[in-house]
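The values are calculated or read from the model by the stated rules, or taken from the named source; none is laboratory data. Fair warning: this is a prediction, and the values are worked out from it, not measured in the lab. Note that each Cβ is placed from the backbone with ideal geometry, even for glycine, and that neighbours are counted across all protein chains shown.
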Amino acid sequence: MSPAIACAASAQVPFPVVGIGASAGGFPALTALLGAMPADPGMALVVVLHLAPNEHSVADRVLQRATAMPVVQVTHTITIAPGTVYVIPPGRCLAMHDGQLLLDDLVRVGGAPIAIDMFLRSLALAQREQAIAIVLSGMGSDGAAGLASIRDAGGATLVQAPSEAEFDSMPRAAIDAGVAGFILAAADMPGKLVELRDRADAARPGPAQDGGAGVHAARAPEPAPPASHAIPAFASGAGRAPLFSFADIHLQKIAELAIPSILLDAGGGIVHVAQRATRFLRQTGGEPTFELSALVLPPLRLALRVALFQARSSGQRSSTGPVRFEQDGKLQVVDMLVLPFHDRYAGPGLMLVQFMEMSDSPPALPATVPPHDSMLLFQLEQELRTTRRQLLDTLEQAELSSDGMRTEGVEMHTLAAHLRSTITELEGSREELYSRNLALALDNLALQHRAEVADRAHDDLTNLVASSGVATIFLDRAMRILRFTPRIADFFNVRPGDAGRPLRHITNRLDRPQLADEAATVFDTLQPMEREVRAGDGRVYIVRVHPYRTTTDRIEGAVMTFFDITSWRCAENALHDSEARLRSLLDGLAGQVWESDGAHPDPAWLDAVHPDDRAAALQAWQAALARGAILETRCRMRAAHGGWRHTRLRAAPLLNVDGSIRKWVAIGVDIGEHPH
């Protein structure tokens, strides 16, 4: 809030404006408060929160769920209207001036937020006795100074009960500062707001009486006292009284009594002054005070202090008796009555001081006074004056000591508030450090778990390679040796200390000296390479080279493996030789060789059988298939050069592992045109 707005007079809107301050734990309290509010309360509500300055706020949407009133986040200068809830935006301060809500830059004092105090001070200047302030759950002491401003302007102050608040620092700071007019649960506050509104409406006179004047114009003003005795802080009737409470009570009392009077709280402080009573007061220089015993005219102080003491001690009315004093060159006589009384709308300990003006004529004296009695009376009066002077000096010293103690108390309260703020910040820092330590501990556990998994995977891989007996060598992109299995020594002349050496510098026992250069081509093609090589001892191997891919699909090297295929190659050669011998044998026979599957005879074979012999040949094949035995039969078959030749047919089944027939291999031998 700019200094100009903070100090300038502001036009008052004709309806109450409620400033609500909340911080940590404030949303449950706000929801309970708004949920109990009527749909049209006849007042405006402004919610000031401690929000993170750099984060988007959804406070308006959260609060809208709890009330039928429209909830608006203030993003620009806006005219305030009754029946609406206004919410502060993040990173800004709010102020009220001339019926509008204004935005300003966020301000902090010593790192602590003061957005609530700043708005409530502007609200006090703008609305005066039409201002109401509420402090809900929160950490720190923001709001206490703002409540004091509202109270001093004649407004009402409400504080959430600390036992209900989720965080009681802000409510307790307001209570400890003595600025909590009403201490209530959040859900009970709407009832009190409506009650205060109704009492204000009842106390406000109609337009025909005073043209729409405020609450404190309930009766016509009395003539103003002389300028030297005027007390501006009290002449308006506002003083420190809470809205619709002390002011209305006092107005009601003085209307009943029609006597100059002053209303005091339990501590002897003035909460309201009737217009005609201001002539008995005098504002002195120095720090302003609301203590009646310090503001009353000096000749009346001692007697009034005694009467106040007697009334508080006994709980009964007390009187000073006639007290003479001089004012404006005239001798005045007043009897000051102190009346304790109670009101259901205010706290206990209220005192009403009435100034009963009397005739200034001296009382009648006895007809005769003996001389010795006159001398004794004179001495007694002298001693009384001396004692009174001493008493006055003592009281003045006590007042000075009280002022000093009051100042020290304010300083101690400020220091305590600062210490509470510091403790709150330290608690926040401790919680943040705890959260970070917890996160680091969780990260450490995760890393330990990953390390254990990696170690286990490494052990598994090592055992897998060792158990497979496969010769393996790992190379980087420069074809330098990274690591290898022991069996790689069968092909390369490597030692454990050769890690880091280029593979080209290592001699080998293979018939392929260019193997290292060929392996390097996988970095260009990104495809595996496979070669067949022969070792010096005659054994044959398959060499496979694969690119080494990381989990992020990066090629960081190559893996070369050697598989012994000597026995497989020997078996392949033996099979080839066997097939060649069999083919030579079959070529020397005068017959045919063919194959068929296990379930059906070869259609080409059936077509080659003479039509007259085809049925018998097929029947013989089916009988052999049923028995799983060798087929032997004779039939006429078409010769290659044409005509029919008698043929001896022999077919044998090839069995699967489970005993089922996989295929038939048959041979037909030509036995001539006329069989024997």
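Report yes if some residue within the stretch 441-454 is of a type in the set (V, I, T) and closer than 30 Å to A519 by Cβ; otherwise report no. No, that holds for no residue. When the residues of the stretch 307-333 are filtered to those that are touching a strand residue (DSSP E or B) at 6+ places or on another chain (Cβ under 7 Å) and within 20 Å of D393 (Cβ to Cβ), the one that is surrounded by the fewest Cβ atoms within 10 Å (Cβ to Cβ) is F325. Against the conditions (1) of a type in the set (A, V, I, L, M); (2) over 23 Å from A81 (Cα atoms); (3) modelled with pLDDT of 95 or more, M189 satisfies every one except (2).
Looking at the stretch 164-186, is at least one residue outside any loop (DSSP other than H, G, I, E, B) and either free of Cβ contacts under 8 Å to residues at least 12 places away in the same chain or hydroxyl-bearing (S, T, Y) (or both)? Working first, answer last.
Going residue by residue through the stretch 164-186, those that are outside any loop (DSSP other than H, G, I, E, B) are 169-176, 182-184, 186.
Narrowing the set further to residues that are either free of Cβ contacts under 8 Å to residues at least 12 places away in the same chain or hydroxyl-bearing (S, T, Y) (or both) leaves 169, 172.
Yes, that holds for at least one residue.
Comparison of V47, V72 shows that the only residue that is of a type outside the set (F, W, Y), assigned to a strand (DSSP E or B) and under 23 Å from A144 (Cβ atoms) is V47.
Could we say that A145 is farther than 23 Å from S122 by Cα and either modelled with pLDDT of 95 or more or out of contact with any Leu (no Cβ under 7 Å at 6 or more places or on another chain) (or both) here?
Values: farther than 23 Å from S122 by Cα: no; either modelled with pLDDT of 95 or more or out of contact with any Leu (no Cβ under 7 Å at 6 or more places or on another chain) (or both): yes.
Here the answer is no, as A145 does not meet what is asked.
Tell me, which strands (runs of 3 or more DSSP E) lie completely within the stretch 618-676 with 1 or more residues that are free of Cβ contacts under 8 Å to residues at least 24 places away in the same chain? Lay out the reasoning, then the answer.
Details: elements: 631-638, 644-655, 661-672.
Of the strands (runs of 3 or more DSSP E) lying wholly inside the stretch 618-676, those with at least 1 residues that are free of Cβ contacts under 8 Å to residues at least 24 places away in the same chain span 631-638, 644-655.
Residues of the stretch 489-503 being surrounded by 13 or more Cβ atoms within 10 Å (Cβ to Cβ) and in a helix (DSSP H, G or I), which ones?
Our first condition is that a residue be surrounded by 13 or more Cβ atoms within 10 Å (Cβ to Cβ); within the stretch 489-503, this holds for 489-492, 494, 498-499, 501-503.
A489, D490, D498, L503 - these are the residues of the stretch 489-503 that are surrounded by 13 or more Cβ atoms within 10 Å (Cβ to Cβ) and in a helix (DSSP H, G or I).
For the stretch 580-611, filtered to residues that are closer than 19 Å to R638 by Cβ, among the hydrophobic types (A, V, I, L, M, F, W, C) and touching a helix residue (DSSP H, G or I) at 6+ places or on another chain (Cβ under 9 Å), the residue that is modelled with the highest pLDDT is V609.
For the stretch 473-488, the criterion of being closer than 19 Å to D517 by Cβ and either in a helix (DSSP H, G or I) or not assigned by TED's automatic domain parsing to the domain that holds T561 (or both) is satisfied by at least one residue. When the stretch 504-516 is filtered for residues that are farther than 19 Å from D564 by Cβ and either in a strand (DSSP E or B) or touching a residue at least 24 places away in the same chain (Cβ under 8 Å) (or both), the ones remaining, listed by number, are R504, I506, A516. As a summary of the residue check, G191 satisfies the conditions (1) of a type in the set (G, A, S); (2) surrounded by fewer than 18 Cβ atoms within 10 Å (Cβ to Cβ); (3) assigned to a loop (DSSP other than H, G, I, E, B) except for the one numbered (3). When T77 is tested against the conditions (1) in contact with a strand residue (DSSP E or B) (Cβ under 6 Å, 6 or more places away or on another chain); (2) surrounded by 12 or more Cβ atoms within 10 Å (Cβ to Cβ), the lone failure is (2). Per the conditions (1) under 25 Å from I423 (Cβ atoms); (2) surrounded by fewer than 17 Cβ atoms within 10 Å (Cβ to Cβ); (3) not β-branched (V, I, T), the sole criterion not satisfied by M118 is (2).
For the stretch 83-103, the tally of residues that are assigned to a loop (DSSP other than H, G, I, E, B) and within 17 Å of R128 (Cβ to Cβ) stands at 2.
Scanning the stretch 54-72 for residues that are surrounded by 15 or more Cβ atoms within 10 Å (Cβ to Cβ) and of a type in the set (G, A, S) gives S57, A59, A66. Restricting attention to the stretch 141-174, the residues that are small (G, A, S), surrounded by 24 or more Cβ atoms within 10 Å (Cβ to Cβ) and under 23 Å from the mean Cα position of the chain (by Cα) add up to 3. Pairs linking a residue in the stretch 581-605 that is surrounded by 11 or more Cβ atoms within 10 Å (Cβ to Cβ) to a residue that is part of a helix (DSSP H, G or I) and modelled with pLDDT under 70, with Cβ atoms under 9 Å and 6 or more positions apart or on different chains, are V593/L586.
Within this structure, F484 passes the test of being without any contact (Cβ under 8 Å) to a residue 60 or more places away in the chain, in contact with a Phe, Trp or Tyr (Cβ under 8 Å, 6 or more places away or on another chain) and either of a type outside the set (V, I, T) or under 30 Å from G178 (Cβ atoms) (or both).
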